[in-house]
Amino acid sequence: MKLEMIQEAKAVLKPILNSTPLIDAVTLHDKLWIKAENLQKTGAFKLRGAYFKLSKLTPEEKLSGVVAASAGNHAQGVAYACKDMGIKGTIVMPATAPLSKIEATRSYGVNVELVGDTFNDAYEYAKELVAKTGSVFIEPFDDEIVMAGQGTIGLEIIEKMPDVEVVLIPIGGGGLAAGIAYAIKSLKPSCKVYGVQAKHAPSMKVSIEEKKITECEVNTMADGIAVKKPGVKTYDICKEYLDGVVLVNDKEISATILMLLEKLKLVAEGAGATAAAAALFNKVDIEGKKTVALLSGGNIDVNYLAQIIDLGLIKTGRRCTISFRLTDKPGNLKRVIDTLSESGANIITVEHDRLSNEVLKHRCSVTIVMETLNQAHKESLVQKLIADGYEVEVRKGELIATDLDE
């Protein structure tokens, strides 16, 4: 890995790439900027490394075709490069990959095979395919040329913001973080660079802490970084050039997707939102420091986006569900609705049950979903219910309110 290789990649990629902006995110956090790679061609940063790698193949290698494994974004980057260079390509994707990413990859004219449930399943099959066909395998992250392509983002950040103090980068296998960290530390050693992983896909963090490459189970909405273990080369670079790796959970990722969409009009996929989530949920001390969070991709299925928005609304206190256990007598449901109305909550749905076996005699169950302004408003609503004679408790994250009228 050399800075000259990253600079070469920049020259090769200049006529290919969109020039992605640094967007002022002051509405989210003071002194925070978003590097919007979701606005890149193919909707993610992966085009950089994939295109640069294919550009370095010999004529004979190009004739033999290429094979890649990916959960979606590397797939689209390789597929785009194949179409542009006239190279035959086969992309192996896990069957659980978002449908939007599968169809987008196919749209570039490559052969797509769906294998297994995880990236690692697809990766192992792709390696077997290479052995059978003699095609060239395009590593998704553990390759110096691929890392150099991703590292061009680091060059762009320093060029556009030479006084940057902190950079936050999503980590799956580590190719993006390795390339950017190497580029930034080579040009500005004083800049702090942190990797960000999903809480339930923490392989790079665990590997660095254990001082050896360690495989971890993965279970996260951030499919683009759901990698069981980092690469050998990416691990070596990340442990040397990163100032740390932090974790964000799926609820924090969901809330960040919602905030990016609402405040900045930027669409982020789960993996793409992790760096911004680290800033917004105080995983790294960035107070008063000029900070760039990389939004690495925006390829998210719209149906999944709807679910994530719901989770984000719950996380930020803007959607609330309360289950009421009431004495079954006329006027009690109206009393509940009047209390909620007086508190300023906007009711979305009401479910009234007085017949099921779980409802005690002379009692009824009412579940109400409502819109609230924020966590403070939600808390004030709870206090209003208590003041009006309800006993409120939390069970497994759900609010349960019981009237004390016997």
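The values are calculated or read from the model by the stated rules, or taken from the named source; none is laboratory data. Keep in mind that what you see is a predicted model, and the values were worked out from it rather than measured. A quick note on method: Cβ atoms are made from the backbone with ideal geometry, for glycine too, and the neighbour counts reach across all protein chains shown. These accessible areas exclude ligands, DNA and RNA; they are computed on the full protein's heavy atoms, side chains included. Shrake-Rupley method; radii C 1.70, N 1.55, O 1.52, S 1.80 Å.
Results for (1) among the aliphatic types (A, V, I, L, M); (2) buried (at least 21 other Cβ atoms within 10 Å of the Cβ); (3) outside any strand (DSSP E or B), shown as yes or no for each residue.
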position	(1), (2), (3)
Asp236	no, no, yes
Lys239	no, no, yes
Thr256	no, yes, yes
Met259	yes, yes, yes
Thr274	no, yes, yes
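Screening Asp117 against (1) part of a helix (DSSP H, G or I); (2) surrounded by fewer than 17 Cβ atoms within 10 Å (Cβ to Cβ) leaves a single unmet condition, (1).
The C-beta contact set for the stretch 360-381 (first residue hydrophobic (A, V, I, L, M, F, W, C), second residue part of a helix (DSSP H, G or I), distance under 6 angstrom, 6+ apart or interchain) comprises Leu381/Ser343. One residue is enough: does the stretch 301-324 have a residue meeting the conditions touching a residue at least 12 places away in the same chain (Cβ under 8 Å), aromatic (Phe, Trp, Tyr) and closer than 30 Å to Asp223 by Cα? Yes, the conditions are met somewhere in the stretch 301-324.
In this structure, does Gly224 turn out to be among the small types (Gly, Ala, Ser) and open to solvent by 30 Å² or more (accessible area, probe 1.4 Å)? Spell out how you get there, then give the answer.
On the way: among the small types (Gly, Ala, Ser): yes; open to solvent by 30 Å² or more (accessible area, probe 1.4 Å): yes.
Yes: the conditions hold for Gly224.
The residues of the stretch 174-222 that are charged (D, E, K, R), under 23 Å from Ile153 (Cβ atoms) and touching a helix residue (DSSP H, G or I) at 6+ places or on another chain (Cβ under 7 Å), listed by number, are Lys185, Lys188.
All of (1) surrounded by fewer than 18 Cβ atoms within 10 Å (Cβ to Cβ); (2) touching a Phe, Trp or Tyr at 6+ places or on another chain (Cβ under 9 Å) hold for Glu215 with one exception: (2). A single member of Asp30, Asp24 is within 30 Å of Glu287 (Cβ to Cβ), at pLDDT below 95 and either β-branched (Val, Ile, Thr) or out of contact with any Lys or Arg (no Cβ under 8 Å at 6 or more places or on another chain) (or both), and it is Asp30. Within the stretch 74-89, the set of residues being open to solvent by 20 Å² or more (accessible area, probe 1.4 Å) and farther than 10 Å from Tyr108 by Cα comprises Met85, Gly86, Lys88. Residue count for the stretch 338-351, restricted to those that are crowded, with 16+ Cβ neighbours inside 10 Å and within 15 Å of Tyr390 (Cα to Cα): 3. Suppose the filter is part of a helix (DSSP H, G or I), open to solvent by less than 70 Å² (accessible area, probe 1.4 Å) and either of a type outside the set (Val, Ile, Thr) or touching a residue at least 12 places away in the same chain (Cβ under 8 Å) (or both); does Lys334 pass it? No, not satisfied. In a residue-by-residue description of the stretch 187-202, the property of being part of a helix (DSSP H, G or I), open to solvent by 10 Å² or more (accessible area, probe 1.4 Å), at pLDDT 95 or above and farther than 12 Å from Val292 by Cα applies to at least one position. Scanning the stretch 352-378 for residues that are open to solvent by 60 Å² or more (accessible area, probe 1.4 Å) and more than 19 Å from Asp310 (Cα to Cα) yields His352, Arg354, Leu355, Asn357, Glu358, Leu360, Lys361, His362.
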